[in-house]
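Quick note: the coordinates plus some simple rules give every number you see, no bench work behind them. Computed from a prediction, not measured in an experiment: that's the story for all the values here. For neighbour counting, all protein chains shown are included, and Cβ atoms are generated from backbone atoms with ideal geometry for every residue, glycine included.
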Amino acid sequence: MIRIIPKEEYCIGCRLCEIHCIVQHSKSKDIIKAFKREPRPVKRVEVEEEGSVSFALQCRHCDEAPCITACLSGAMHRDPESGAVVNDPERCVGCWTCILVCPYGAVRRDEVDKKAVGKCDLCPDLEIPACVENCPNEALVMVED
Amino acid sequence: MAAFDYDYAIVGNSAAAINACDTLREFDKEGSMAIFCEDRYRCYSRPLISYLVAGKIDNKGMYYRPQNYYRSIKADFLKGTKVESIDPGKNRLTTAKGDKIKWRKLLLATGFKSFIPPIEGLEEVDHLSFISWDDAKRMMRLTGKTLNALVVGAGLIGMKAAEALVARGAAVTVVEMMDRVLPQALDDEASALVAERCQLAGIDLNTGEGVTGLESRGGHKGRAVLDGGSEIDFDLLVMAVGVRPRAELAEEAGLSCDRGIEVDEFQLTSEKDIYAAGDAVRAMDIVTGEPTVNALWPVAALQGKYAGMNMAGAETSYPGNSSMNSVEFFGLPVLSAGIVNPPDDGYEVITYRGEREDYRKAVLKGDIIVGMLMAGRIERAGILTSLIQERANVRRVKNFLLEEGFGHINFPRVVRQGRIMDEMAGLRVAGISGDRGGRS
């Protein structure tokens, strides 16, 4: 499956990954509409920064995913084809148990459509996830295992 | 004839049972499997009954697994089949209908039941519990018109019942013996925040008061007398003073039990070939170091998973659990894990109070983080939960724990990279200082 690896030695903290993540998960996929005219989706990647060090972090798609085990409704599951850990917003009730157990802080409240959580879905519609594709310094790299 | 009717017999059909079945099938593609389920429901999520009653989800949303689930894991789903007794020596169980079934490995995932307190007159009042789909159906049938509902007990179940009743248009009164709502899951401060929201929604909260007597006025109607002497008339009574492990099957078969079924680190009971998991079980609490019944969905699911692995022969010890709660009342989310109310002075408590309902707390024992609570802003709470479960030494990051930007950036580079690159995340990654503390 696809995994995204952060390289903190290359990250410049520009947060373009966050911006393109939001655009990719917006209704129109248009940067101006996504930020100005539509309900803004939650970012599914987070740049952590302290002084000169920074890196971007999103869901690790853990092999033993605590969010899947803990999910009350069964909404959080592993996609049998891609192996990605994905949330089904139709079944998610927004109980936030996944937020309570994710060791990476990679799940966020996303109340755009309904009360549910949002997390990295590895951009299933794209060949290369938006955050990786738009990183100007290859500080996010995609590997396949 | 085969020596056994089933390789795996599962008693129960909820979080622990289903996660055990998933894992069994993952590790053993062929072994035969049967699920003995007392009621007639496909596996559903009990914590969702309050969402159902409040109209936030429909019946379809209650199911924990898709319709073809049992077929997909090649399990016989024996609904409406109560297990009457188990015979450890003979690897055999007997159903209520008298069928005798032989198994190679057995899982007891019998869950919990409501604790019915000895209150005078309670038997005469037709009251509700709030732990099953049937309870939810009853509540929906009885509400939707103007009525006065009384909820006894302000724990998680009682408060969820109260919230659901408000959504059904009832005038709700809650009585709780302790001095605050959600006394186990929350501390004073967070409890006050939740209480404020509940009161704004019109719930009449009476904490520090117990019900001493009940008087039936026919059917569901009645009158409660509180220990302060005041009286409350109600059209509907919900009893939610606590739950107890359903350990009767295990007890009657002579399995070692002590306020819950006792298991070892492999979820094995005192009898060989018999495993147990979920709300009926006392398992190791990582934080307190004591065997504890943590009757919580995520804990039950995790125990089920480990029981499944061990039943299938992949010996793996259960990493332990801690108390953890994610609750939301009238739009205010509160997340907590581990010890939120330190039992004595031997703990350090760090708190942060931001604007409005933003409240956070960390509890430390020495340099080890043992508890956390976040209200209002709950983002990234799981980072703290994972540090608690790892028993991480947080000496070097103590001052940052409750800050908004707290995350992996605050960890030493080698630890951070270890965590990020370790796909088998969660419970097994090293603590911040590299030492995991110790179980005392």
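Ordered by the number of other Cβ atoms lying within 10 Å of each residue's own Cβ, fewest first, B:Ile86, A:Ile12, B:Ile101, A:Ile2 fall into the sequence A:Ile12, A:Ile2, B:Ile101, B:Ile86. Per-residue shielding of B:380-390, expressed as the average number of other chain Cβ atoms within 10 Å of the residue Cβ, stands at 5. Rounded to the nearest 20, the Cβ-based charge dipole of chain B about its Cα centre (Lys and Arg +1, Asp and Glu -1) stands at 1580 debye. If only the Cβ of Lys and Arg carry +1 and only the Cβ of Asp and Glu carry -1, the dipole of the protein assembly as shown around its Cα centre is close to 1200 debye. In plain terms, the bigger the Kirkwood radius, the slower the diffusion; for chain B, with that radius from Cα pairs, at 20 °C and 1.002 mPa s, Stokes-Einstein puts D at 92 µm²/s.
Taking a quarter of the surface of the Cα convex hull of the stretch B:239-328 gives a mean projected area of 6.6 nm². List, in the order given, every pair from B:Lys102/B:Lys272; A:Lys7/B:Lys361; B:Lys74/B:Lys102; A:Lys27/A:Lys119 whose Cα-Cα distance in the structure shown is over 21 Å. Too far apart for the 21 Å limit: A:Lys7/B:Lys361. Listed from fewest to most Cβ neighbours within 10 Å, the set B:Asp7, A:Asp110, A:Asp88, B:Asp258 follows the order B:Asp258, A:Asp88, B:Asp7, A:Asp110.
Each label point was placed 7 Å from the Cα along the Cα-to-Cβ direction; for B:Thr316 and A:Lys36 their separation is 5.1 nm. Checked against a 20 Å cut-off, the cross-linked pairs A:Lys115/B:Lys60; B:Lys160/B:Lys365; B:Lys113/B:Lys221 give Cα-Cα distances beyond that limit for B:Lys160/B:Lys365; B:Lys113/B:Lys221. The convex hull drawn around the Cα atoms of the stretch B:334-428, when projected onto a plane and averaged over every direction, covers 6.1 nm². Taking label points 7 Å from Cα along the Cα-to-Cβ direction, A:Asp79 and B:Glu189 give a separation of 4.1 nm.
Provide the net charge surrounding B:Ser32, with neighbours chosen by a C-beta distance below 12 Å and charges set as Lys +1, Arg +1, Asp -1, Glu -1. Its environment carries a net charge of +1. Going from the fewest other Cβ atoms within 10 Å to the most, the residues B:Arg217, B:Arg104 appear in the order B:Arg217, B:Arg104. Only Cα sites of the protein assembly as shown enter the Debye sum here, all with the same form factor; the resulting log10 I(q)/I(0) across q = 0.09 1/Å is -0.73, listed in q order. Helices in chain B, meaning DSSP H runs of at least 4 residues, each add -39500 (n - 2.57). Divided by all residues, the mean residue ellipticity at 222 nm is -6000 deg cm²/dmol.
For chain A, the convex hull spanned by the alpha carbon atoms encloses 114 Å³ per residue. Placing unit charges on each Cβ (+1 for Lys and Arg, -1 for Asp and Glu) gives the stretch A:2-144 a dipole about its Cα centre, and among A:Ala70, A:Val93, A:Cys11 the Cα reaching farthest toward its positive end belongs to A:Val93. Between B:Thr143 and any residue 5 or more places off or on another chain, the built amide H atoms are never under 5 Å apart. Taking each residue as 0.36 nm, the span from B:Glu348 to B:Gln199 lengthens on full extension beyond its C-alpha to C-alpha distance by 50.5 nm. For the stretch A:2-144, a crude dipole built from +1 on the beta carbon of Lys and Arg and -1 on the beta carbon of Asp and Glu, taken about the Cα centre, is about 660 debye to the nearest 20. Each of B:Ala240, B:Met140, B:Thr207 was placed along the dipole of the stretch B:122-241 (beta-carbon charges, centred on the mean Cα), and the one lying farthest toward the positive end is B:Met140. The antiparallel fraction among DSSP beta bridges confined to the protein assembly as shown stands at about 65%.
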